[in-house]
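See below for the structure under consideration.
The values are calculated or read from the model by the stated rules, or taken from the named source; none is laboratory data. This one's a predicted model, so the numbers in the text were calculated from it and none came from an experiment. Methodologically, a virtual Cβ is constructed for each residue, glycine included, from the backbone with ideal geometry; neighbour enumeration extends over all protein chains shown. Just so you know, the surface numbers come from the protein's heavy atoms only, side chains and all, with ligands and any DNA or RNA stripped out. Shrake-Rupley method; radii C 1.70, N 1.55, O 1.52, S 1.80 Å.
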Amino acid sequence: MMSDFWNARSERERLVLMAGGAVAALALAFQAIYAPLSSWRDAARSEFARAEGFYALVLEAAAAAPAGDAEAATDTRPLRAIVATAAGDAGVELTFVSARPDGAVEANAGPTDPEAFFEWVAALSAEHGAKISYADISRAQDNDGTVRGRVIFSR
């Protein structure tokens, strides 16, 4: 059936059909292969730029943080109270604070200014002898300049 159709065409019509098929195949290959790769590359570039900006923010905050002697600092209050008080002093809103069975304190900070967040963490370390056992810090929302953090402090 298909060969009858093909044989019924003149040489010129066959050439036009082959050229049209080649153009359709190229368009399909472009849409199926190149277009997704191009969009993934663009998405990767923007993600890289976002991560690079966040890295610069962390470096800047780390450079601005005062170095202190955490070993010399002693505070007899419970660590949970120290964490909550220091957060209030630094202007960091805590959404969750809990003392853990091992004596550590887990704290989640809501959307807050990055400088205030890092100053809060540095003050706990330098002034109260708290050590960071775990930290997970991320941007709160796209391009709003705030961060969220989950930090586990211990002594």
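Odds and ends about this structure:
- Among residues of region 138-155 being of a type in the set (A, V, I, L, M) and at pLDDT 90 or above, the one that is farthest from the chain's Cα centre (by Cα) is Ile152.
- When the residues of region 79-113 are filtered to those that are open to solvent by 10 Å² or more (accessible area, probe 1.4 Å) and in contact (Cβ under 8 Å) with a residue 40 or more places away in the chain, the one that is nearest to Asp136 (Cα to Cα) is Asn108.
Per-residue answers, yes or no, for (1) more than 14 Å from Thr146 (Cβ to Cβ); (2) over 26 Å from the mean Cα position of the chain (by Cα):
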{"site": "Thr76", "(1), (2)": "yes, yes"}
{"site": "Arg80", "(1), (2)": "yes, yes"}
{"site": "Val92", "(1), (2)": "no, no"}
{"site": "Phe96", "(1), (2)": "yes, no"}
{"site": "Arg100", "(1), (2)": "yes, yes"}
{"site": "Val105", "(1), (2)": "yes, no"}
{"site": "Ala116", "(1), (2)": "no, no"}
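- In region 125-140, the qualifying residues are those that are out of contact with any Lys or Arg (no Cβ under 9 Å at 6 or more places or on another chain) and not acidic (Asp, Glu), and the one that is farthest from Glu60 (Cα to Cα) is Ser133.
- Residue check for Ala73: of a type in the set (A, V, I, L, M, F, W, C), part of a loop (DSSP other than H, G, I, E, B), open to solvent by less than 30 Å² (accessible area, probe 1.4 Å) and at pLDDT below 85: yes
- Exactly one residue out of Arg45, Arg41, Arg50, Arg14 is more than 30 Å from Arg139 (Cα to Cα) and not small (Gly, Ala, Ser): that is Arg14.
- Every residue from region 124-146 that is within 18 Å of Val83 (Cα to Cα) and of a type in the set (Val, Ile, Thr): Ile132, Ile137
- Those residues of region 114-145 which are open to solvent by 30 Å² or more (accessible area, probe 1.4 Å) and in a loop (DSSP other than H, G, I, E, B), in sequence order: Gln141, Asp142, Asn143, Asp144, Gly145
- Scope region 1-45; condition of a type in the set (Ser, Thr, Tyr) and surrounded by 10 or more Cβ atoms within 10 Å (Cβ to Cβ); matching residues: Tyr34, Ser38, Ser39
- For region 37-57, the criterion of being aliphatic (A, V, I, L, M) and touching a helix residue (DSSP H, G or I) at 6+ places or on another chain (Cβ under 8 Å) is met by at least one residue.
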